[in-house]
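The structure appears right after this line, and notes come after that.
The values are calculated or read from the model by the stated rules, or taken from the named source; none is laboratory data. Please read these numbers as outputs of a predicted model, since none were measured by experiment. Cβ placement follows ideal geometry from the backbone for every residue including glycine, while neighbour counts extend to all protein chains displayed. Side chains are part of the model used for accessible areas, which takes the heavy atoms of the whole protein and leaves out ligands, DNA and RNA. Shrake-Rupley method; radii C 1.70, N 1.55, O 1.52, S 1.80 Å.
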Amino acid sequence: MDLLGVSIHLHELRTAGDSGDDGELRNIEFFIREGIRPQRLFDDNSQVVTGYWPLYHNNVGYGAVTQRILYQFVERDSNGDGQLSTADRSTLAVSLPDGSNYRQLGGATGEVLDMTYLSERGELLVDMLDGDQVVQRMYVLAEMTSQ
(Lines give C-alpha, C1' and ligand atoms only; values in the text may rest on other atoms or scores of the structure.)
Protein backbone atom coordinates (compact mmCIF):
# COMPACT_ATOMS: atom_id res chain seq x y z
CA MET A 1 0.00 0.00 0.00
CA ASP A 2 1.20 3.48 -0.74
CA LEU A 3 0.70 6.36 1.67
CA LEU A 4 2.03 9.72 0.52
CA GLY A 5 4.95 8.14 -1.31
CA VAL A 6 5.79 5.67 1.46
CA SER A 7 5.21 2.01 0.72
CA ILE A 8 3.76 0.11 3.68
CA HIS A 9 3.93 -3.67 3.68
CA LEU A 10 1.41 -5.77 5.57
CA HIS A 11 2.40 -9.14 6.99
CA GLU A 12 -0.37 -11.56 7.95
CA LEU A 13 0.19 -13.47 11.19
CA ARG A 14 -1.56 -16.82 10.90
CA THR A 15 -1.84 -19.96 12.96
CA ALA A 16 -0.24 -23.10 11.56
CA GLY A 17 -2.69 -25.11 9.47
CA ASP A 18 -3.26 -28.84 9.91
CA SER A 19 -1.69 -29.84 6.59
CA GLY A 20 1.11 -27.26 6.56
CA ASP A 21 -1.05 -24.64 4.85
CA ASP A 22 -1.85 -21.22 6.26
CA GLY A 23 -4.29 -21.27 9.14
CA GLU A 24 -6.52 -18.58 10.61
CA LEU A 25 -5.48 -14.95 10.26
CA ARG A 26 -4.91 -13.72 13.83
CA ASN A 27 -3.09 -10.39 13.48
CA ILE A 28 -1.48 -8.00 10.99
CA GLU A 29 1.95 -6.37 11.17
CA PHE A 30 2.72 -3.09 9.43
CA PHE A 31 6.24 -2.61 8.01
CA ILE A 32 7.01 0.99 7.11
CA ARG A 33 10.73 0.73 6.33
CA GLU A 34 13.98 -0.91 7.39
CA GLY A 35 15.10 0.03 10.87
CA ILE A 36 11.60 0.77 12.17
CA ARG A 37 10.07 -1.92 14.32
CA PRO A 38 6.85 -3.29 12.79
CA GLN A 39 3.59 -2.36 14.52
CA ARG A 40 0.87 -4.93 15.16
CA LEU A 41 -2.81 -4.18 14.78
CA PHE A 42 -3.76 -6.08 17.96
CA ASP A 43 -1.82 -6.57 21.20
CA ASP A 44 -2.43 -10.33 21.13
CA ASN A 45 -3.59 -13.03 18.71
CA SER A 46 -6.84 -13.98 20.43
CA GLN A 47 -9.16 -12.81 17.62
CA VAL A 48 -9.67 -14.11 14.07
CA VAL A 49 -9.44 -11.55 11.28
CA THR A 50 -12.05 -12.56 8.69
CA GLY A 51 -11.25 -9.82 6.19
CA TYR A 52 -9.54 -6.51 5.55
CA TRP A 53 -9.86 -4.05 2.69
CA PRO A 54 -8.00 -0.87 1.71
CA LEU A 55 -10.21 2.20 1.32
CA TYR A 56 -8.93 4.38 -1.52
CA HIS A 57 -9.23 8.11 -2.11
CA ASN A 58 -9.14 7.79 -5.90
CA ASN A 59 -10.83 4.54 -6.92
CA VAL A 60 -10.37 5.13 -10.65
CA GLY A 61 -7.18 4.34 -12.50
CA TYR A 62 -3.61 5.19 -11.67
CA GLY A 63 -2.91 7.17 -8.53
CA ALA A 64 -5.28 5.46 -6.09
CA VAL A 65 -4.03 6.17 -2.57
CA THR A 66 -5.06 4.13 0.45
CA GLN A 67 -6.53 6.44 3.09
CA ARG A 68 -7.73 3.84 5.58
CA ILE A 69 -8.05 0.09 6.03
CA LEU A 70 -11.32 -1.58 7.03
CA TYR A 71 -11.05 -4.74 9.17
CA GLN A 72 -13.59 -7.37 10.10
CA PHE A 73 -12.73 -9.72 12.94
CA VAL A 74 -14.28 -12.10 15.46
CA GLU A 75 -13.50 -11.56 19.15
CA ARG A 76 -15.74 -14.11 20.84
CA ASP A 77 -17.64 -17.31 20.20
CA SER A 78 -21.16 -15.88 19.78
CA ASN A 79 -22.80 -19.05 18.44
CA GLY A 80 -21.46 -21.36 21.18
CA ASP A 81 -19.71 -23.90 18.91
CA GLY A 82 -16.36 -23.53 20.71
CA GLN A 83 -14.60 -21.88 17.75
CA LEU A 84 -14.01 -18.40 16.40
CA SER A 85 -15.17 -18.35 12.78
CA THR A 86 -17.17 -16.40 10.20
CA ALA A 87 -20.30 -18.00 11.72
CA ASP A 88 -19.82 -15.77 14.79
CA ARG A 89 -20.81 -12.11 15.08
CA SER A 90 -17.92 -9.90 14.08
CA THR A 91 -16.62 -6.39 14.70
CA LEU A 92 -15.72 -3.74 12.13
CA ALA A 93 -12.80 -1.36 12.65
CA VAL A 94 -10.69 1.08 10.63
CA SER A 95 -7.17 2.44 10.87
CA LEU A 96 -4.82 4.56 8.85
CA PRO A 97 -2.70 2.52 6.39
CA ASP A 98 0.15 2.20 8.92
CA GLY A 99 -2.19 0.72 11.57
CA SER A 100 -2.39 3.92 13.64
CA ASN A 101 -5.64 5.64 14.67
CA TYR A 102 -7.37 2.29 15.09
CA ARG A 103 -11.08 2.67 15.90
CA GLN A 104 -13.92 0.18 16.17
CA LEU A 105 -17.00 1.18 14.19
CA GLY A 106 -19.79 -0.11 16.37
CA GLY A 107 -21.49 -3.23 17.60
CA ALA A 108 -21.37 -6.76 16.31
CA THR A 109 -22.07 -7.30 12.64
CA GLY A 110 -22.61 -10.06 10.14
CA GLU A 111 -20.58 -10.85 7.04
CA VAL A 112 -19.50 -7.86 4.91
CA LEU A 113 -20.97 -8.28 1.41
CA ASP A 114 -20.04 -4.99 -0.25
CA MET A 115 -18.85 -1.50 0.60
CA THR A 116 -18.61 1.96 -0.91
CA TYR A 117 -16.09 4.45 0.43
CA LEU A 118 -16.99 8.08 -0.21
CA SER A 119 -13.60 9.60 0.56
CA GLU A 120 -14.55 13.19 -0.20
CA ARG A 121 -17.30 12.97 2.46
CA GLY A 122 -15.43 10.65 4.84
CA GLU A 123 -18.30 8.14 4.74
CA LEU A 124 -18.35 4.38 4.39
CA LEU A 125 -21.47 2.49 3.29
CA VAL A 126 -21.34 -1.22 4.17
CA ASP A 127 -23.77 -3.90 3.01
CA MET A 128 -23.74 -6.83 5.41
CA LEU A 129 -25.62 -9.99 6.10
CA ASP A 130 -27.51 -9.81 9.40
CA GLY A 131 -29.11 -13.21 9.92
CA ASP A 132 -30.85 -13.81 6.61
CA GLN A 133 -31.30 -10.11 5.74
CA VAL A 134 -28.99 -7.72 3.91
CA VAL A 135 -28.66 -4.45 5.81
CA GLN A 136 -26.75 -1.29 4.94
CA ARG A 137 -24.95 0.81 7.52
CA MET A 138 -23.30 4.15 7.05
CA TYR A 139 -20.25 5.13 9.09
CA VAL A 140 -18.86 8.65 9.27
CA LEU A 141 -15.15 7.86 9.50
CA ALA A 142 -13.98 11.37 10.32
CA GLU A 143 -16.11 11.26 13.47
CA MET A 144 -15.82 7.46 13.93
CA THR A 145 -19.53 7.03 14.65
CA SER A 146 -22.22 4.84 13.10
CA GLN A 147 -25.43 6.29 11.68
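For the reader, a short list of remarks on this structure follows.
- Taking Cβ atoms as reference points and 13 Å as the exclusive limit, the residues near GLN72 contribute a net charge of -3, counting Lys and Arg as +1 and Asp and Glu as -1.
- In a fully extended conformation the segment linking VAL135 and SER85 would gain 15.9 nm over its present Cα-Cα distance, using 0.36 nm per residue.
- Environment charge of GLU111, counting only residues whose C-beta is closer than 14 Å and scoring Lys/Arg +1, Asp/Glu -1: -3
- Accessible-area ranking of GLU24, GLU120, GLU75, largest first, probe 1.4 Å: GLU120, GLU75, GLU24
- Extent along principal axes [Cα atoms of the chain; Å; largest to smallest]: 45, 39, 26
- Net length gained if the chain between HIS9 and ARG103 were fully extended (0.36 nm per residue, minus Cα distance): 31.8 nm
- Solvent-accessible surface (1.4 angstrom probe) belonging to THR116, in square angstrom, nearest 10: 60 Å²
- Counted charge near GLY131, where neighbours are those whose Cβ lies closer than 15 Å (Asp, Glu -1; Lys, Arg +1): -3
- Gain in span if fully extended, ASP43 to SER119, counting 0.36 nm per residue against the direct Cα distance: 24.5 nm
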